[in-house]
Structure formats: structure tokens, C-alpha cells
Ligand SMILES: [Ca+2]
Ligand SMILES: [Ca+2]
């Protein structure tokens with residue numbers, strides 16, 4: 001019996017050693033936070049230990065319904081600080097908060113067909129920036145404007161501070177979007193592919209040709225070294241893509257990972273688990 005256990009331990013050690021290839025990023029789980037209600041997106045606030053988490057707060061299949069239920073949580077120091085930091089109330093209704101972004105001192109978030117913003121300190125001054133989207137999903141900023149993906153209309157919009165909109169070519173079923181070193185990237189849910197897209201416009205998205213690796217992509221972030229981190233929601237995994245865009249490797253398998261966020265100072269990866277009502281914290285290392 002003992003020798004069998006020893007053999008098993010040895011085998012699992014071998015598996016870990018084989019998985020850890022030099023130069024590749026790995027994850028170590030730090031914590032699992034619960035209490036959320038259909039969490040979609042985690043946004044670490046640069047230079048602080050605060051993290052915003054959007055909660056769609058919906059019954060099964062009602063994730064895009066204007067149900068008057070939705071809230072934003074705040075984590076601090078890797079723990080829940082306030083579950084319902086911003087919650088829906090008469091006159092300031094939230095229906096299904098999803099993508100989050102900080103831009104010029106305001107917290108922006110998508111909410112079904114709308115783009116909203118408020119004061120990131122206390123949630124005050126909630127207002128509608130733009131409306132009329134199909135399924136407003138992720139947000140990102142290049143420092144000049146807020147960019148929004150619409151998965152239903154398969155569009156990416158640039159939205160200025162005053163709400164003025166401009167559209168650029170986007171892949172069908174566009175979901176996560178992000179900026180890195182002056183370039184813009186997007187993932188498609190429907191086509192399970194990663195793309196470079198062009199903020200200037202006039203140029204079609206350039207696919208990475210990695211669609212065989214994924215099922216339905218949700219979030220995308222880029223590390224300083226150029227490594228892409230993507231969440232495959234229906235594929236139940238978070239993967240890394242080498243900076244050359246050619247090689248995919250799995251970092252962790254977990255249920256329904258949605259729109260991931262990274263604290264680049266501590267290299268903490270936040271993974272909202274949409275169907276599990278949890279957010280898992282990992283340390284990225286290599
Ligand atoms: Ca809701
Ligand atoms: Ca995102």
C-alpha cells in the first residue's frame with residue numbers, strides 16, 4: 001500500500017515537472033472568493049490593492065435581460081471588501097453589468113444595451129454615456145477613449161468622453177478586447193479565434209489562426225513580455241499564447257472563466273467564474 005502511494009506521488013511529480021516547460025508562465029492558486037452572483041469581469045485598479053468585479057445578477061439564461069438586478073463588488077487585499085459596492089436602485093438601475101474600465105477618473109461599465117460611468121471612489125454620479133448597443137460586452141482604453149465590444153452586432157466602438165461613437169471592423173461575435181503597446185487585440189466567442197484589430201479603422205481583423213485550440217473565448221489580456229492570456233469560457237480553461245502568437249498552452253482548467261483581470265504589480269490573475277459565482281485568484285510566475 002505504501003509503495004503504491006509512493007509510486008503515485010512520484011508519477012504526479014513527474015507530471016508537474018513535464019508540464020512546467022522553461023520560460024512558460026504557470027499559475028499558483030491563492031484564494032477562491034465566493035458570494036458573487038454571476039460575476040463577469042474583474043478589474044484591478046493600478047497602484048492599489050482594489051479590484052472591481054461586475055455581477056450580472058441574473059437567473060439562468062437571463063444574462064442579457066433588463067431585470068433591474070445587477071451590482072459591482074470591490075475586493076481589497078485579495079478579500080471581499082464590499083459585495084454590493086454599487087447596486088441597482090430606482091433612478092440608477094443596473095441590469096447586467098459586464099465589462100469594466102477606468103478612464104479619466106471614472107469607472108466605466110457596460111450594462112446590456114448601455115455604457116454607464118460613475119465615480120470609482122464612492123460610486124456616485126452614475127450616468128449613461130451611450131446607449132443603443134446590442135449586447136455591450138467588454139471595455140478597454142487606449143488612454144484617449146473607451147472602446148466597447150458588441151457581441152450581438154459584432155462591432156467594436158470607440159467612444160469619446162462626450163459619448164461620440166466611431167466604429168472599426170470587428171470579428172463576428174467579438175467579445176474580449178484589450179490594448180498592449182499601441183496595438184489592439186480582440187477575441188471572438190463564435191469563431192473562437194484571437195485577432196489583432198486596427199483602431200484607425202479601414203483594415204479587417206487579422207486572425208492568429210488558433211481557432212482549433214478553443215471553444216468560446218471571453219477575456220484577453222497581454223503581459224509585459226507580450227504573452228497573451230485568454231479565457232475559454234465554454235472550453236473551461238485559461239490559456240497562454242506565446243508572444244509570437246503561435247503556441248497555445250493551458251494554464252489552468254476551471255469552469256466558465258469569464259473576463260479576466262491582471263494586477264501587474266503583484267502578477268495576480270483574477271478569474272471570475274460566471275456559472276460558479278466565484279472569483280479565483282492566481283499568482284502568475286515562471
Ligand atoms: Ca441582471
Ligand atoms: Ca476585459
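The values are calculated or read from the model by the stated rules, or taken from the named source; none is laboratory data. Keep in mind the model is a prediction, meaning the values are calculated, not measured. Quick reminder, even Gly has a Cβ in these numbers, built from the backbone with ideal geometry, and neighbours come from all protein chains shown.
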2 or more residues more than 26 Å from residue 155 (Cα to Cα): qualifying strands (runs of 3 or more DSSP E) within region 205-282: 248-253, 268-273
Residue count for region 168-196, restricted to those that are within 15 Å of ligand 2 (Cβ to nearest atom), in contact with a helix residue (DSSP H, G or I) (Cβ under 9 Å, 6 or more places away or on another chain) and more than 17 Å from residue 135 (Cβ to Cβ): 1
Residue 78 vs. criteria at pLDDT below 95 and surrounded by fewer than 18 Cβ atoms within 10 Å (Cβ to Cβ): no
Qualifying residue in region 41-55 (condition: farther than 15 Å from residue 270 by Cα and in contact with a strand residue (DSSP E or B) (Cβ under 8 Å, 6 or more places away or on another chain)): no
Strands (runs of 3 or more DSSP E) lying entirely in region 159-203 (those with 2 or more residues that are under 26 Å from residue 264 (Cβ atoms)): 174-180, 183-188, 193-197
Residue list for region 86-117, filter: under 18 Å from residue 44 (Cβ atoms), away from ligand 1 (no atom under 16 Å from the Cβ) and buried (at least 17 other Cβ atoms within 10 Å of the Cβ): 101, 102, 103, 106, 107, 108
Answer from 160, 186 - the residue that is out of contact with any strand residue (DSSP E or B) (no Cβ under 6 Å at 6 or more places or on another chain), over 24 Å from residue 74 (Cβ atoms) and more than 16 Å from ligand 1 (Cβ to nearest atom): 160
Hits in region 138-155 (condition: within 13 Å of ligand 2 (Cβ to nearest atom), assigned to a strand (DSSP E or B) and surrounded by 19 or more Cβ atoms within 10 Å (Cβ to Cβ)): 138, 139, 140, 146, 147, 148, 149
Residues within region 42-82 that are within 16 Å of ligand 1 (Cβ to nearest atom) and assigned to a loop (DSSP other than H, G, I, E, B), tallied: 15
Among the residues listed as 152, 126, the single one being on the phi < 0 side of the Ramachandran plot, out of contact with any strand residue (DSSP E or B) (no Cβ under 6 Å at 6 or more places or on another chain) and at pLDDT 95 or above: 152
Filter result for residue 161 (closer than 20 Å to residue 189 by Cα, more than 15 Å from ligand 2 (Cβ to nearest atom), touching a residue at least 24 places away in the same chain (Cβ under 8 Å) and surrounded by fewer than 18 Cβ atoms within 10 Å (Cβ to Cβ)): no
